[in-house]
Protein chains: 2
Amino acid sequence: MSKNEARPDPRIGRTRGLLRQALMALATEKRFGSLSIQEVTRRAGLNRSTFYLHYSGLHELLEDCARELFGQMRESIYQCPARPDLPSPERYEPYVRRVFDHLQEHEAFYRAMLGKRGDSYFRALFQEMLTELIFEPMRDDAPGSPHGSQLELAKRFYSAGFAGIATWWLENGRPISAGEASRQITRDLLPDYLRLLDI
Amino acid sequence: MSKNEARPDPRIGRTRGLLRQALMALATEKRFGSLSIQEVTRRAGLNRSTFYLHYSGLHELLEDCARELFGQMRESIYQCPARPDLPSPERYEPYVRRVFDHLQEHEAFYRAMLGKRGDSYFRALFQEMLTELIFEPMRDDAPGSPHGSQLELAKRFYSAGFAGIATWWLENGRPISAGEASRQITRDLLPDYLRLLDI
DNA sequence: CGGCTTTTCAACACGGTGATGGTTATCTGT
DNA sequence: ACAGATAACCATCACCGTGTTGAAAAGCCG
């Protein structure tokens, strides 16, 4: 039962990779909403009809791109050493730092997708990822966190705010370093969130 | 020099009003990104070519819709009586309340435009409006607010967070009342912003 | 090699785009 | 109320992207 998993056809992975690559390149060159399937497949060097064998539309392909990027994020954060020796807010600074490093690594794409000319769906996925990787774990560390709508409101506020800062940071050509941004957020914003959870 | 302003042709206002109305209705029925100029003009009962006499694309019309809505917001807040007798955070609760009332009044449209299937540009405009009507004025009331990137970061965080809450509120069918939402925000979130400004 | 899957290719009908020029309808100032 | 101005209408144009089809070519695997 070890080899039960039939190896997937390598052509599938290759094709989808080329499509993701093409989409991410084109998204940095023009508004996502004005891209066409034709354009993406041309850039990928593939036939237009091949696209439909894998996705039903550009948003599905975009979702795939997000999955890949956020997977990298997740791994980067998981292998980040926990620091229970530090006081509450400072403990989380490395995680915040990883997010900014990741944004910087894929700067052009994130700037394009999170900005005014970006995509609402991608922004929502990005925010959900932040909730899952940053704000849910912090909640779990709090003993008596609030319940129901109050908790939901807090999580939404802080993940949306974080995404807003990320957007501002990229749109303005990173006016402060990734480290400085992480420090300011950890010092000025996170304590308030933690205090909110400890009600 | 009093009558120097030539009265604008009433047909223009009427036509643009019909187009705005049609767009706002259609946006609640299907994803904004999939709307066509043809569809909007059909719904408005106008000829397709008329559209191009006023706008160069759907986003320009959308901008017009935003201008109208945010103008209503602005008026509603301006005629809101100032309460300098109340302590800092509570003083602003009526303003927050007006925002939620306005969202509720145009609930379907805002839910459609701010949600996952909404439009990035509209969200950006909405956030800028919040900054201008809520968070800039609060900054002006603070004597020694921080400067440069630190202030920008705080404003972005809180306006984005506020927009995030508004989106959550609409997406989930208003799990709490407008009054309750305003109260929670004023009590739990605004004090932190004011504290940040008073550094 | 042989059987299977993926990719390619040409063709199709359909719908939206942006722009043209000419006609009709509506508004404004006198 | 009329004449000129301006806005809206309409038919038409070439162009591009869509989503789907069926059959041929290429690639993968045992």
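Other chains near A:32-44: what is the mean number of their Cβ atoms within 10 Å of each residue's Cβ?
Working: counts 2, 6, 1, 0, 0, 0, 0, 0, 0, 0, 0, 0, 0.
Partner Cβ neighbours, averaged per residue: 1.
Please report, in debye to the nearest 20, how large the charge dipole of segment A:2-136 is about its Cα centre when each Lys and Arg carries +1 at its beta carbon and each Asp and Glu carries -1 there. Show your work: numbers first, answer last.
Details: 21 positive and 19 negative charges, 129 e Å.
Charge dipole, segment A:2-136, about its Cα centre: 620 debye, nearest 20.
With a ≥ b ≥ c the root eigenvalues of the C-alpha gyration tensor of the protein assembly as shown, is it rounded (a/c under 1.5), prolate (a/b larger than b/c) or oblate?
Oblate.
Determine the sum of side-chain charges near B:Gly118: Lys and Arg each +1, Asp and Glu each -1, restricted to other residues whose C-beta is under 9 angstrom from that of B:Gly118.
On the way: positive: B:Arg31, B:Arg111, B:Lys116, B:Arg117, B:Arg123; negative: B:Asp119.
For residues surrounding B:Gly118, the net value is +4.
Would you work out which of B:Ala22, B:Ala44, B:Ile12 lies farthest towards the positive end of the dipole of segment B:10-52, given +1 charges on the beta-carbon of Lys and Arg and -1 on that of Asp and Glu, about the Cα centre?
B:Ile12
Over the Cα atoms of segment A:47-191, each weighted equally, I'd like the Debye log10 I(q)/I(0) at q = 0.14, 0.18, 0.20 Å⁻¹, rounded to two decimals.
-0.71, -1.11, -1.32
Pick from B:Ser49, B:Ser76, B:Ser182: which residue has the top mean-square fluctuation in a GNM of chain B where Cα pairs under 10 Å get a spring?
Of the options given, B:Ser49 has the highest mean-square fluctuation.
So if I take the centroid of the Cα atoms in segment B:145-199 and the same for segment A:121-188, what is the distance between those two points in Å?
So the two Cα centres are separated by 13 Å.
Taking θ = phi - 60°, what integer Hz values does the Karplus form 6.51 cos²θ - 1.76 cosθ + 1.60 yield along segment A:165-173, in sequence order, with x for Gly and Pro?
The phi angles translate into 5, 4, 4, 4, 4, 6, 4, 9, x Hz.
Given R₀ = 45 Å, FRET efficiency for A:Arg7-B:Arg31 by Cβ-Cβ distance, to 0.05? All intermediate terms of the calculation are to be shown ahead of the outcome.
Details: r = 38 Å, r/R0 = 0.84.
Working from the Cβ atoms, E equals 0.75.
Calculate the FRET efficiency for A:Asp140 and B:Lys116 from the Cβ-Cβ distance with a Förster distance of 22 Å, rounded to the nearest 0.05.
Details: r = 26 Å, r/R0 = 1.16.
For R0 = 22 Å, the calculated efficiency reads 0.30.
Got the relative contact order for chain A handy, in percent, Cα pairs under 8 Å and 6 or more residues apart?
Details: 157 pairs, mean separation 47.1, N = 199.
Across chain A, relative contact order equals 24 percent.
What residue among B:Gly164, B:Gly33, B:Gly179 shows peak mean-square fluctuation when chain B is described by a Gaussian network model with Cα springs under 10 Å?
Top of the fluctuation ranking is B:Gly33.
How would A:Lys155, B:Lys30 line up from fewest to most surrounding beta-carbon atoms within 10 angstrom?
Details: A:Lys155 23, B:Lys30 12.
So the ranking, lowest neighbour count to highest, is B:Lys30, A:Lys155.
Describe numerically, in nm with one decimal, the distance between label points set 7 Å from Cα along Cα→Cβ at A:Glu128 and at A:His147.
Modelled inter-label distance: 2.6 nm.
Helix A:120-130 versus the longest principal axis of chain A: what angle, 0 to 90°, nearest 10, using Cα atoms?
Between the helix axis and the principal axis of chain A, the angle is about 50 degrees.
A short reminder: the numbers here are calculations on the coordinates, not readings from a lab. The structure presented is a predicted model; accordingly, all values stated were derived computationally and were not measured. Positions of Cβ are generated from backbone atoms using ideal geometry, with glycine treated the same way; all protein chains shown enter the neighbour counts.
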